Ligand code: ATP
């Protein structure tokens, strides 16, 4: 089993990331996001908490995130923005881009981004989810803004794939050739410049690259939201705030993240 170790992660960080991030690894916890949120007032910006086993990982709105021990990379980053950057909702898209860049460096080039917070890869029957990002805001409403960025990546799901109620895939099926420690460090190396640039310019500087990595570009999709009518259209891409632009018969509709889920058109699951 591939065990996370602080020392090995630190060895693989570049100098900037080594200075910016303070890494702690624990054997097991419910959710690294919940742990960092609970302790956020006492921890410095740049604290990273990684767990070898995350037993109660969360997706959006408390949905369950499956993370088998040793088969998943699960960690969270606490980050402080001096002033709330405009359009904080673009942050999970920007963070997803850091992960996509990193997994590419680690040998997996087929991962694409699914709006707003997933990493997906192709299977014979369509896109399958390889990872997800959960950004949560914590701390006082006024003044500096504290965010916790949770990243869950499927490395080798094994039998746990059967517990997941939508198409899932893992990085070992896609050619990953590095250890969990190296993968985590590579993500942090990519995440740091993105966080710094996001603080200055929000999502806009990342829009074009995100759109190049967009899994559903020009595809017919359905946006599903609880208690709302589904919206059908062609996904054109993200705008400068990280909203999804959908071409519909009534014109371009701008979807802000909220709690909507994107699915391939004509299928309830994809
Ligand atoms: P969206 O597709 O818009 O992100 P979602 O329904 O996928 O919405 P999330 O909150 O992003 O919701 O993720 C949680 C969901 O992801 C779970 O309800 C489950 O369907 C799926 N899931 C849980 N664990 C995994 C995993 N390890 N790999 C892939 N998918 C998972």
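Points worth noting:
- Of the residues making up region 141-159, those that are assigned to a loop (DSSP other than H, G, I, E, B) and out of contact with any helix residue (DSSP H, G or I) (no Cβ under 9 Å at 6 or more places or on another chain) are 141, 142, 143, 144.
- Scope region 244-270; condition modelled with pLDDT under 70, within 20 Å of residue 89 (Cβ to Cβ) and surrounded by 15 or more Cβ atoms within 10 Å (Cβ to Cβ); matching residues: none
- Residue 105 falls short on exactly one of the conditions (1) over 21 Å from residue 161 (Cβ atoms); (2) within 16 Å of the ligand (Cβ to nearest atom); (3) surrounded by fewer than 21 Cβ atoms within 10 Å (Cβ to Cβ), and that condition is (2).
- Residues that are farther than 28 Å from residue 239 by Cβ, in a helix (DSSP H, G or I), within 16 Å of the ligand (Cβ to nearest atom) and touching a strand residue (DSSP E or B) at 6+ places or on another chain (Cβ under 8 Å) do not occur anywhere in region 190-212.
- Among residues that are within 15 Å of the ligand (Cβ to nearest atom) and modelled with pLDDT under 95, residue 125 is included.
Quick grid of which residues meet (1) in contact (Cβ under 8 Å) with a residue 12 or more places away in the chain; (2) within 14 Å of the ligand (Cβ to nearest atom); (3) in a strand (DSSP E or B); (4) in contact with a strand residue (DSSP E or B) (Cβ under 9 Å, 6 or more places away or on another chain):
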{"position": "221", "(1), (2), (3), (4)": "yes, yes, yes, yes"}
{"position": "224", "(1), (2), (3), (4)": "yes, yes, yes, yes"}
{"position": "233", "(1), (2), (3), (4)": "yes, no, yes, yes"}
{"position": "237", "(1), (2), (3), (4)": "yes, no, yes, yes"}
{"position": "245", "(1), (2), (3), (4)": "no, no, yes, yes"}
{"position": "254", "(1), (2), (3), (4)": "yes, no, yes, yes"}
{"position": "263", "(1), (2), (3), (4)": "yes, yes, yes, yes"}
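Yes/no matrix, rows are residues, columns are (1) within 13 Å of the ligand (Cβ to nearest atom); (2) at pLDDT below 95:
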residue: 75; (1), (2): no, no
residue: 82; (1), (2): no, yes
residue: 96; (1), (2): yes, no
residue: 119; (1), (2): yes, no
residue: 158; (1), (2): yes, no
residue: 167; (1), (2): yes, no
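- Only one of the numbered conditions (1) under 18 Å from the mean Cα position of the chain (by Cα); (2) without any contact (Cβ under 8 Å) to a residue 40 or more places away in the chain; (3) not in a strand (DSSP E or B) is not met by residue 162, and that is (1).
- For residue 23, the test of being crowded, with 17+ Cβ neighbours inside 10 Å and more than 30 Å from residue 226 (Cβ to Cβ) is passed.
- Among the residues of region 42-73, those that are assigned to a strand (DSSP E or B) and within 15 Å of the ligand (Cβ to nearest atom) comprise 51, 53, 54, 57, 58, 64, 65, 72, 73.
The values are calculated or read from the model by the stated rules, or taken from the named source; none is laboratory data. Predicted, not measured: the structure shown is a model, and the values here were computed from it. Backbone-built Cβ (ideal geometry, glycine too); neighbour counts: all protein chains shown.
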